[in-house]
Amino acid sequence: MEWETVIGLETHVELSTRTKMFCPCAVTFGEAPNTRCCPGCTGMPGTLPTVNRTAVEYAARAALALGCTVTAHTRFDRKNYFYPDLPKGYQISQLHLPLGREGGLDIGGKYIRIHELHMEEDAGKLTHGEDGLTRVDYNRCGVPLIEIVTRPDFRTAEEVIAYLEGLREILQYLGVSHCKMQEGSLRCDVNLSVRPAGSGTLGTRTEMKNLGSFKAVAQAIAFESRRQIALLEGGGTVAQETRRWDEEGGVSLPMRAKERTEDYRYFPEPDLPPIRLTKGWLDGLRAAQPELPAQRRARYQREYGLGEYDCRMLTSNRALAEFFEELAALGAPPKQAANWIMGQVLAALHARGMEPEQMPLSPRTLARLIALVEEGRLNRNTAVKVFEAVFDTDGDVDAYVRAHGLEQVGDLTLLTEVVERVVAANPKSAADYRAGKEKALGFLVGQVMGALKGKADPAAVNRLLRERLG
Amino acid sequence: MGITPETVERLARLSCLSLTERERENMAADLVELVDCMKALAALDSGDGAATPAAPEGLREDRPIPSMDREELLACAPAHDGESYLVPRTVG
Amino acid sequence: MELRALTALELGTAIRRGEVSIPEVTELALRRAEGAGDNAFITLTGEQAMGRARGLQGRLGEADSPLYGVPMALKDNLCTRGISTTCASRMLEEWTPPYSAAVVEQLADAGAVSIGKTNLDEFAMGGSGETSRFGPARNPWDKSRTAGGSSSGSAAAVAGGNCWFALGSDTGGSVRQPAAHCGLTGVRPTYGSVSRYGLVAYASSLDQVGPLCRDGADCAAVLDVIQRPDRRDATTVKGHYGGLLDGLTDDARGMRLGVPTHWFGEGLDAEVRAAVLSVAEVLKDRGAEVVELPLPMPGWVVAAYYAIACAEASSNLSRYDGVRFGLREEGADSPEERSAAVRAQGFGAEVKRRILLGAYVLEHYDAYYRKALGARESIGGLFREAFARCDALLTPTTPATAPLLGESAQGRMRARLSDVFTIPAALAGLPALSMPCGFDGRGLPIGAQLIGPRFGEQIILNLAHAYQRDTVWHRRRPWGGEV
């Protein structure tokens, strides 16, 4: 029988606010345990939550960018359950009146419907020791999250990855989240079921947690589809349960039977009044919304005449795209600018383990470098060396070129002289070339370049040699 | 929605309370009485407790204030190792 | 001058005039509290209080509050930094909060001197003080009787002359009912006018801190200190706070006092009925117009209250899992087991009962919880209609005077029905006070309740003040005579 996999996604995204969702503790990553905590986020008696205004704003901006209808009267609810990483015994979340509803995201021709987007707080972190104890760190507890729940619109892992990439791109563009899977600021749970191809009803689904990378998402989907199909083909049934993806073992393992919603005993959070998002406030957010990746890609094709691949690469990160636009505005030819960014700039960032947001080089410096190449005053290889030299300090390109005497030799008389000398000193190579051995020319070009310490335009040297030997 | 021993058992589990046999029996009787009293609510219209909403402008500004000294925080804890709170090992 | 018979304002005046010193009155209060034998206090903080008293005396010239130097007491569900805050529960016996409640800070800023933490029903759940881990506080008027609850210790401490005023908390009547049973004036303020920051939560949408005092003027002075918005409590609301004391008049002219006839029916003790109705006569003489009103008391009011209070309590009390504070429990195999053991030992029977009931209510959200919220809106609507026709309502505070200890446990439903007069204002978030309006044949105080519209504190305090100008009930002391 042909089977079809049906997937829905719940994505948790940490918002990049300075403070936690419901208390003014700083949000930072990698601090010593329990040093970013207060009586509030450790749930001490008598403490009360206060809503972070910026978190609401970020969540609303995400909801707008994802085409959601924003709930004018939004409200928090308590989700009650016991676990050591949850200090209050309830998570402040949203069930009845989530911030955003019914949006969607286009993933290259297919539209994935978003059911809702709601705000909530993150839980603490548990570390299981070999000594029979679990250590609890509440630094992460209370970090603002948005949870984005899709409809079961995915059929393949590729679609899921495309959605996650699109989502990440948008949220990074908005500046509302870093969306780093390795740091846990973007996490997703996969709801998956299978059914005979063409069937109109949904099968029993499982929920998979602990997916730490796009690779894990793809592997987990493949594994879980196979597992469910094998179960059904063997005459068995799929149990509705929560499963944990074991990345090392490459298998999903049952965690617990799925809770019923009633078990969470949701009710409106009595410590927080509902929030009324006025039209004026939302209009303000809409007006301040940055250009999103899809719009920007279309504009790059139109304005700069770049190909689709270049546009996609440049717009994949907002800082990178802005860097590109500044380069172009400073007069760098768009295609050259794009090549530099996708080549040297990304490589340099990668080598240093940096994000585009941390780029030390200014567009002005790179623009100057590109201009020198365009004017024929630096050859491309030398320019790359200069780039490496000035990258970390955003150094002065002209000063560096001057100090190191790197300007390209453009003097035709000097070039001709050197060519004469090299041909005279290497009669065998000259003869070889004349006998039809193209390779010999390369050797001679290298000799000329070496004599000029690489400061000549290789194309010009090539041309002069051919003329001389022709 | 009758109250049975299983109801009490389930509520105790959800509430993370271990009850003695006697407590269980007493609770069942009390719950029956209280739930009976709640029946008066059944005929009413539902509301949503319209609290006065807050405007986003009035919410807390996103400005950190120093967290509490860890020692002071952990001093309240029944079990800690100077850095973290300790609980019996959780599964998974 | 018998110091302990004075009101807080009278004592404050004597202090500022230099007639008595703050250490002197603080020591008097502490000595008296230690020897009272009424179980009013869980913790007495003698050393801190004396240190503070001496410091305040040294800065007497800077005194700018009528409560400067006045010894007072705090219900032991108000967090006090560095001082144990037990909520009369085994669960919190070991806990010392690292911060203070907003109201505690505000009173300290006003120069009041706390002498200790008062007894209460465990986590404020109860109406007699008998669910306290430390046993019930005793009624200074008759030690075999309850002081009411849940703010039993605060009421007993003030009525017994151990201090000059106290803070309590009122969820469904926990300030007003003990005030009535102990012959005090106690106010439940408008919901959202006093910060709950640092008040250990019972039911968040109902809890409100309020004063228990010897008369209405003292209450006005305390409210002037504690009523204000607090950024740490999102349910506080902006308003015109302060000035209640300065605004007091003994003139009731132009005031329409509503008497809801439904509230004086069956189940109300005859002596209580007569005493409460006599309040209307006194206020009429002071110029008020008395109007009878048909304000029904639907049977579902108590049910709605318990549904909401228990639901919120079941969630609010989930944080007591023995991980970050609370009881130490060894030898469990999993966090769940440990928490369950801690909770089984740390909570008393009444608390467990309300947690389970609350879990049940929330599990059946649509059938019970939503209905209860609807009921709450309805009761708000009924009050709005009533306040279209009058400025304040006069009702009994309790159906009867203080019961004997042990009596209220006999029939739990009966104990719950004793809240029937205090619950409606709590559900509607309205300000209400109880004041003494007579004594029954056994010499026990009777309380009359005045309910005002939202932010109508000045109205009900003026009526109380006017009433107390012409009556002496509030000046009677359990140790004899009138002052």
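The values are calculated or read from the model by the stated rules, or taken from the named source; none is laboratory data. None of the values given here were measured: they were computed from a predicted structure. Reconstructed Cβ throughout: ideal geometry from the backbone, glycine too, with neighbour counts over all protein chains shown.
Worth a mention:
- The listed residues are C:PHE123, C:PHE134, and the only one of them that is within 16 Å of the chain's Cα centre (by Cα) and of a type in the set (Phe, Trp, Tyr) turns out to be C:PHE123.
- Listing of helices (runs of 4 or more DSSP H) fully contained in segment C:265-348 that carry 2 or more residues being within 24 Å of the chain's Cα centre (by Cα) and within 30 Å of C:GLY438 (Cβ to Cβ): C:270-285, C:300-316
- Residue, surrounded by the fewest Cβ atoms within 10 Å (Cβ to Cβ), within segment A:312-331, restricted to residues that are in contact (Cβ under 8 Å) with a residue 40 or more places away in the chain and assigned to a loop (DSSP other than H, G, I, E, B): A:GLY331
- On the stretch given as segment A:273-295, residues that are part of a loop (DSSP other than H, G, I, E, B) and within 22 Å of B:ALA54 (Cα to Cα) total 4.
- Hits in segment A:272-315 - residues which are among the aromatic types (Phe, Trp, Tyr) and within 14 Å of chain B (Cβ to nearest Cβ): A:TRP281
- Long-range neighbours under 7 Å by Cβ, at least six apart or interchain, first residue facing chain B (nearest Cβ under 8 Å) and in contact (Cβ under 8 Å) with a residue 40 or more places away in the chain within segment C:353-382, second surrounded by fewer than 23 Cβ atoms within 10 Å (Cβ to Cβ) and of a type in the set (Ser, Thr, Tyr): C:LYS371/B:SER46
- Looking only at segment C:431-470, residues that are closer than 23 Å to C:THR261 by Cβ and either of a type in the set (Val, Ile, Thr) or modelled with pLDDT under 95 (or both) come to 4 in all.
- Of the criteria (1) free of Cβ contacts under 8 Å to residues at least 60 places away in the same chain; (2) within 14 Å of chain C (Cβ to nearest Cβ); (3) not in a strand (DSSP E or B), which one A:THR237 fails: (2)
- Scanning segment A:126-150 for residues that are within 17 Å of A:VAL13 (Cβ to Cβ), free of Cβ contacts under 8 Å to residues at least 60 places away in the same chain and not in a loop (DSSP other than H, G, I, E, B) gives no hits.
- Residue match in segment C:188-208 (condition: more than 14 Å from every other protein chain (Cβ to nearest Cβ), closer than 28 Å to C:TYR306 by Cβ, among the charged types (D, E, K, R) and not in a loop (DSSP other than H, G, I, E, B)): yes
- Of the residues screened, C:PHE325 is one that is within 12 Å of chain A (Cβ to nearest Cβ), crowded, with 20+ Cβ neighbours inside 10 Å and on the phi < 0 side of the Ramachandran plot.
- Residues of segment A:51-69 that turn out to be assigned to a helix (DSSP H, G or I), in contact with a Gly (Cβ under 9 Å, 6 or more places away or on another chain) and of a type in the set (A, V, I, L, M, F, W, C), as a count: 6
- Test: residue in segment A:51-64 that is out of contact with any Lys or Arg (no Cβ under 8 Å at 6 or more places or on another chain) and closer than 18 Å to C:THR235 by Cβ: yes
- One residue stands out among those in segment C:409-430 that are modelled with pLDDT under 95 and among the polar types (S, T, N, Q): the one that is surrounded by the fewest Cβ atoms within 10 Å (Cβ to Cβ), which is C:GLN410.
- Taking (1) within 14 Å of chain C (Cβ to nearest Cβ); (2) surrounded by fewer than 24 Cβ atoms within 10 Å (Cβ to Cβ) in turn, A:HIS73 satisfies each apart from (1).
- The lone criterion from (1) of a type outside the set (S, T, N, Q); (2) crowded, with 17+ Cβ neighbours inside 10 Å; (3) more than 22 Å from the chain's Cα centre (by Cα) left unmet by C:GLY51 is number (2).
- Residues of segment B:1-41 satisfying the condition of being farther than 30 Å from C:ALA332 by Cβ and either part of a helix (DSSP H, G or I) or at the interface with chain C (Cβ under 8 Å from one of its Cβ atoms) (or both): B:MET1, B:VAL32, B:GLU33, B:LEU34, B:VAL35, B:ASP36, B:CYS37, B:MET38, B:LYS39, B:ALA40, B:LEU41
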